[in-house]
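The values are calculated or read from the model by the stated rules, or taken from the named source; none is laboratory data. Note that this is a predicted model, so its numbers are computed, not measured. Here the Cβ positions follow ideal geometry from the backbone for every residue, glycine too, while neighbour counts run over all protein chains shown. Keep in mind that these areas ignore ligands, DNA and RNA; they rest on the heavy atoms of the full protein, side chains included. Shrake-Rupley method; radii C 1.70, N 1.55, O 1.52, S 1.80 Å.
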Amino acid sequence: SVTMEVGLDGLIKSLANYTKDASFNTALNNAVQKKANSRADLISLFRDEYATINPTGKLAPLFATRSNGKLKIDASDDAVASYLKEQSTIAFNNTYKILRTRIDGFGLASPNINPDPAKGIITIELAGVTDKERVRSYLQSTANLQFFEVYTFENKDFQTAILAADKAIEASLNGITDTTAKADTTKALANKNPLLRTVQFTQPYQGKNGQYTFPAEIGYTLKKDTATLNAYLAMPEVRSKFPANLVFMYGKVESEDPKSKDVLPLYAIKTLDNGTAELEGDHVANAAQDFDERGKVAIKMNMDKLGTSIWGKMTARNIGKPIAIVLDNIVYSAPNVNGAIEGGSSEISGSFTIEAAQDLANILKSGKTNAPAKIVAEQIVGPTLGKAAVNGGMMAFGIAFLVIFGLMLVYYNSGGWVANFSLILNLLFTIGVLSAMGFTLTAAGIAGLVLTIGMAVDTNVII
């Protein structure tokens with residue numbers, strides 16, 4: 001049993017076209033923090049926080065562009081709040097429908113899904129779950145599929161930025177400023193090359209034709225070092241060294257070598273100016289589990305007309321270069337483009353099991369959630385029907401079967417044999433059909449089988 005909270009902060013960001021406005025982002029972050037200890041809705045908290053941070057500012061210019069004419073540039077903050085609440089209701093209902101579609105495709109018996117729009121939560125009970133981690137991942141995936149160009153070491157400016165960032169981290173950790181550096185140029189460095197030690201950067205390699213190949217992944221880092229690396233890359237003096245449209249993302253390990261299970265590849269992703277991808281997963285028309293040309297498990301996708309057009313232009317512009325296929329901010333694959341792809345068909349390859357690939361294909365087909373839901377509470381619920389009750393019911397069934405079986409033999413002799421043989425066939429067919437259709441046997445079902453025995457015998461006696 002899990003309680004999922006629908007996160008509307010992601011929806012608000014998307015409706016504002018992922019603006020970089022400092023007042024907007026600060027107000028939204030403050031509202032999210034206050035929501036944890038408040039009964040007020042997130043949108044009201046956000047409006048109040050924005051008014052506090054930027055008293056002369058107006059919300060309408062931030063949301064009017066993507067409102068499809070529903071908001072005018074000079075609309076009041078109350079009108080904006082009303083618009084956001086309307087969109088949040090739509091997003092909540094859409095998230096609920098997507099979760100139901102995913103659960104229905106998961107093949108679980110009798111799932112119980114209860115939405116509460118007023119509180120923004122969805123309670124889900126799933127009977128008979130054996131792999132809890134798989135279900136958690138399945139429910140919480142946003143299906144945010146994106147296609148990005150990447151920075152590689154072929155870009156000389158990127159190489160320079162890496163070295164400059166390393167020097168900036170080094171100086172910060174050692175407490176060196178411009179003033180102290182000039183005063184004492186011989187100062188010993190306790191933290192030498194911190195970035196270069198945290199990330200094992202990938203070197204380009206020379207192909208058969210003498211040309212250098214630049215891998216999509218810029219390097220590898222240990223999983224245990226990701227917190228340190230994230231802290232380094234978030235430092236303002238480090239961010240300033242890289243292009244504004246560069247975002248670092250981790251990838252999935254494709255190697256089957258057990259030694260690589262503790263290592264994550266690192267990618268330098270090139271985004272649009274507003275931080276989004278040129279091609280989003282909204283344009284995926286269909287997805288299914290399949291196999292690639294090497295026989296490895298993969299997901300095949302087909303795009304709609306607009307997606308096919310964007311994909312064709314994107315691949316034509318990056319021939320000989322990698323394009324990253326990203327799902328929920330994790331790089332699943334970054335293949336090199338051999339030629340422009342005009343048909344709109346694509347493939348996600350990686351270290352998938354058939355089960356994981358089927359789950360991912362189902363998630364992509366069910367659609368992207370603009371307001372993703374996160375598990376905020378979870379518990380294991382005991383069975384409604386206890387083990388003792390199940391055992392008692394089965395014992396009653398067995399006793400009833402044996403008593404009737406014996407009674408028919410004693411009372412009807414040869415006719416009893418025919419009735420008993422028919423009785424066994426009746427049970428085999430009944431249980432076979434129930435099993436084939438995936439039904440769950442409850443206490444009422446067991447009682448029904450006992451009744452069926454009596455009815456079947458009665459029928460055979462009459463015949």
* Out of the residues in region 436-454 that are among the polar types (S, T, N, Q) and assigned to a loop (DSSP other than H, G, I, E, B), which is surrounded by the fewest Cβ atoms within 10 Å (Cβ to Cβ)? -> T440
* To do: Would you check if I404 is without any contact (Cβ under 8 Å) to a residue 24 or more places away in the chain and among the aliphatic types (A, V, I, L, M)?
  => no
* Checking A285 against (1) in a strand (DSSP E or B); (2) open to solvent by less than 40 Å² (accessible area, probe 1.4 Å); (3) under 19 Å from R102 (Cβ atoms), which single condition isn't satisfied? -> (2)
* Structure fact -> Of the residues in region 221-263 that are of a type in the set (D, E) and closer than 20 Å to T202 by Cα, the one that is modelled with the highest pLDDT is D225
* Test N338 against the criterion of being more than 25 Å from N94 (Cα to Cα) and either loosely packed, with under 14 Cβ neighbours inside 10 Å or in contact (Cβ under 8 Å) with a residue 40 or more places away in the chain (or both), and give yes or no. => yes
* Asked: What about I310, is it surrounded by fewer than 20 Cβ atoms within 10 Å (Cβ to Cβ) and among the aliphatic types (A, V, I, L, M)?
  -> yes
* To do: Any residue in region 121-146 that's within 23 Å of K35 (Cα to Cα) and in a helix (DSSP H, G or I): show its pairings with residues that are open to solvent by 60 Å² or more (accessible area, probe 1.4 Å) and of a type in the set (K, R) at Cβ separation under 8 Å, as long as the two are six or more apart or on different chains.
  => Q140/K374
* Out of L71, L15, L62, L28, which single residue is farther than 20 Å from A377 by Cβ and in contact (Cβ under 8 Å) with a residue 60 or more places away in the chain? -> L15
* Does any residue in region 209-231 that is in contact (Cβ under 8 Å) with a residue 60 or more places away in the chain and more than 17 Å from K252 (Cα to Cα) come within less than 6 Å, Cβ to Cβ, of a residue that is assigned to a loop (DSSP other than H, G, I, E, B) and charged (D, E, K, R) six or more places away or on a different chain, and which pairs are these? -> F214/E154
* Asked: Before we move on, is L8 over 26 Å from N144 (Cα atoms) and of a type in the set (A, V, I, L, M, F, W, C)?
  -> no
* Asked: Just to be sure, is K313 over 24 Å from K13 (Cβ atoms), among the basic types (K, R) and under 24 Å from the mean Cα position of the chain (by Cα)?
  -> no
* Say whether the condition of being open to solvent by less than 90 Å² (accessible area, probe 1.4 Å), at pLDDT below 75 and assigned to a loop (DSSP other than H, G, I, E, B) is met by at least one residue in region 170-182. => yes
* To do: Would you mind listing the helices (runs of 4 or more DSSP H) fully within region 19-105 where at least 1 residues are farther than 30 Å from Q140 by Cβ and open to solvent by 50 Å² or more (accessible area, probe 1.4 Å)?
  => 42-53, 60-63
